[in-house]
Amino acid sequence: MQFDLVNPTRIVFGSGKIARLDDLVPASARVLLFYGGGSIKRNGVYDQVTQALGTRIVAEFGGIEVNPHYETILEACDVVRRNDIGLILSVGGGSVADAAKFLASAAMITGADPWDELMAGRYPEKILPVGVVLTLPATGSESNAVSVISHQGRRIKYPFANEAARPRFAILDPDTLVSLDRRQRANGAVDAVTHVLEQYLTVPANTPVQYGYSESLLEVLFEWGPKFVQDNSAEARENVMWAANQALNGLIGAGVRQDWSTHYIGHAITALYDIDHARSLTLIMGSVQRFRLAAKTAMLARYGRRVWKIEEADDTIAAGLAIKRTEAFFREMGCPTRLSEVEGVAFSADDIVAHLERAGQTRLGENEDIGPAEVRKILELAA
C-alpha cells in the first residue's frame, strides 16, 4: 500500500457556522462571491454570507449552471481580473465549487485558451485560493481537487484535477439543506453512494481501513439517504452531508485502485442529453458491474455480505445479489436504472462513444480494459 494523500481543506461543520466566514476570510481580502441560479438569495444563505463578510470588498458572479459551462467561467475570469480578486468564495452545491476551482486557475492564464492549457495539465504556478459554503451535499467537491466542466462549443464534459485548487476551507451547515427539493436531495445522496462504490468495488488489496471506512459510509447513506429524501430531518441532513463529504475527499481512495468508468460514461450522457449527473450514473452503474462481474466478484461479494448482510455462500451469487440491491436502492430514491426508463430520449451508443473518444477516455476501469467496444456492450446491458 503506497499513497501520497493531500487533504488540506479545513472543514467547519454545523448549524450556524456561516458566521465563521468572518474568521476564515482575511479582512483585507477582495472576494468574489460566486454562486449558481440564485436560490441562495431565496433561502437566506446569501444574506448570511454577506453579513459575515462585513465590510470586505466583494464582487459577485452568479449564473453557474448545474453542469458548469466553460463559456460561463470565461465570463467570470473577466470579473476576477477587473476586480483584482484575491479569494473565490463558492456558495452553492458541487457544480459551483467545481467551477470555482477551475476559475481559480483559468483566471490566471492569459494569452492562451485556458481549456487547452488545463486539459494538457499546464496549470499556472500561482492560482487563487478558494473557499466554499456548501448548500447541497453530493460531490465532495468542497474538499477535493477535481473540477468537472462542460465545454459547450466542443460538446465535451471533462474532469480536471489540480491539488493546488483544493479549497482552503469549507463550511458545511446542514441548515442550508432545508430548502432543497426532493429530486435534489435524492441526487445528492445517490451521487455520494456512487463515489464510494467507484473506489471500493475494484480489486482486493491490503487496505482494510479504507474498505471498512467505505462500508461504514455506505451503511450510513443507505440508512439515511431515504430519510433525507422523505422527511429531510435535521439528523438526516447532518448524516448525509457529512457522509457525502467523506465519500470523495481522498481518504477512502488512498492506496487503492479506482474504477470511475461509470462516471466517464455518465459524463458523456449528461453532456449529450442534459440528464442529471446522479441519474446518468444510476443508469449505468449496475450494467458496468454486471459486465465486469467476473473481475469484480470478490469485492462485490464482500460488499453484499458486509453492507447488505447477504448470507449467500457462493461468491458469484452474492455478487449478483449485491448489484440487484444497489439498483433497488437507486429506484427507491426515484432514480432510473435503465436507459429505456428515460422518456423522450433516444440514446446513441455511437454518440456516447464519440464523446469518450474526444475526451481521450478510451481505457476505462481499474484495469484500463474498458474501451469503445466494451462501452457499447455496457450500454446494451443498460438498455
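Observations on the structure shown:
- Condition met for SER214 (outside the structural domain of ILE149 (by TED's automatic domain parsing), within 28 Å of PRO8 (Cα to Cα), crowded, with 18+ Cβ neighbours inside 10 Å and among the polar types (S, T, N, Q)): yes
- Residue list for the stretch 191-211, filter: surrounded by fewer than 21 Cβ atoms within 10 Å (Cβ to Cβ) and either among the polar types (S, T, N, Q) or touching a strand residue (DSSP E or B) at 6+ places or on another chain (Cβ under 8 Å) (or both): ASN206, THR207, GLN210
- Matching residues, the stretch 342-355, being farther than 13 Å from TYR273 by Cβ and out of contact with any Lys or Arg (no Cβ under 7 Å at 6 or more places or on another chain): ASP350, ALA354
- Counted as qualifying within the stretch 3-80 are the strands (runs of 3 or more DSSP E) with 3 or more residues that are surrounded by 19 or more Cβ atoms within 10 Å (Cβ to Cβ), namely 30-35.
- Meets criteria (in the same structural domain as VAL148 (by TED's automatic domain parsing), at pLDDT 95 or above and buried (at least 24 other Cβ atoms within 10 Å of the Cβ)) for ILE109: no
- Taken over the stretch 185-218, the criterion of being in contact (Cβ under 8 Å) with a residue 60 or more places away in the chain, polar (S, T, N, Q) and part of a helix (DSSP H, G or I) is satisfied by ASN187, THR194, GLN199.
Residue-wise test of (1) among the polar types (S, T, N, Q); (2) within 30 Å of VAL178 (Cα to Cα); (3) crowded, with 22+ Cβ neighbours inside 10 Å.
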{"position": "ALA243", "(1), (2), (3)": "no, yes, yes"}
{"position": "ASP259", "(1), (2), (3)": "no, no, yes"}
{"position": "LEU272", "(1), (2), (3)": "no, no, no"}
{"position": "SER280", "(1), (2), (3)": "yes, yes, yes"}
{"position": "GLN289", "(1), (2), (3)": "yes, no, yes"}
{"position": "ALA295", "(1), (2), (3)": "no, no, no"}
{"position": "ALA301", "(1), (2), (3)": "no, no, yes"}
{"position": "ARG305", "(1), (2), (3)": "no, no, no"}
{"position": "ILE317", "(1), (2), (3)": "no, no, no"}
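- Condition broken by ASP351, with the remaining ones in (1) in contact (Cβ under 8 Å) with a residue 24 or more places away in the chain; (2) surrounded by 17 or more Cβ atoms within 10 Å (Cβ to Cβ) satisfied: (2)
- Selection count, the stretch 157-176, where residues are hydrophobic (A, V, I, L, M, F, W, C) and either part of a loop (DSSP other than H, G, I, E, B) or over 21 Å from THR9 (Cα atoms) (or both): 0
- Every pair of residues 6+ apart whose Cβ atoms lie under 8 Å, when the first sits in the stretch 73-86 and is among the aliphatic types (A, V, I, L, M) while the second is surrounded by fewer than 18 Cβ atoms within 10 Å (Cβ to Cβ) and assigned to a helix (DSSP H, G or I): ILE85/VAL79
- Among the residues making up the stretch 105-120, those that are assigned to a loop (DSSP other than H, G, I, E, B) and either over 14 Å from ILE73 (Cβ atoms) or touching a strand residue (DSSP E or B) at 6+ places or on another chain (Cβ under 6 Å) (or both) are THR110, GLY111, ALA112, ALA120.
- Residues of the stretch 219-265 that are part of a loop (DSSP other than H, G, I, E, B) and either aliphatic (A, V, I, L, M) or not assigned by TED's automatic domain parsing to the domain that holds SER287 (or both): LEU248, LEU251, ILE252, ALA254, VAL256.
- Residue in the stretch 231-250 that is more than 22 Å from ALA189 (Cβ to Cβ) and not aromatic (Phe, Trp, Tyr) present: no
- Apart from one condition, GLU311 fits all of (1) in a helix (DSSP H, G or I); (2) free of Cβ contacts under 8 Å to residues at least 40 places away in the same chain; (3) surrounded by fewer than 21 Cβ atoms within 10 Å (Cβ to Cβ); (4) touching a helix residue (DSSP H, G or I) at 6+ places or on another chain (Cβ under 8 Å); the exception is (1).
- Between GLN258, GLN289, GLN246, GLN230, the distinction of being more than 30 Å from ILE149 (Cα to Cα) and polar (S, T, N, Q) belongs to GLN230 only.
- Lone unmet requirement of (1) over 21 Å from ALA164 (Cα atoms); (2) modelled with pLDDT under 95 for ASN7: (1)
- Only listed residue being within 22 Å of the chain's Cα centre (by Cα) and of a type outside the set (Lys, Arg), chosen from LEU89, LEU53: LEU89
- All conditions but one from (1) crowded, with 19+ Cβ neighbours inside 10 Å; (2) in a loop (DSSP other than H, G, I, E, B) apply to ARG154; the one that does not is (1).
The values are calculated or read from the model by the stated rules, or taken from the named source; none is laboratory data. It should be emphasised that the depicted structure is a prediction, and the values quoted were computed from it without experimental measurement. Neighbour counts run over all protein chains shown; Cβ positions are idealised from the backbone, glycine included.
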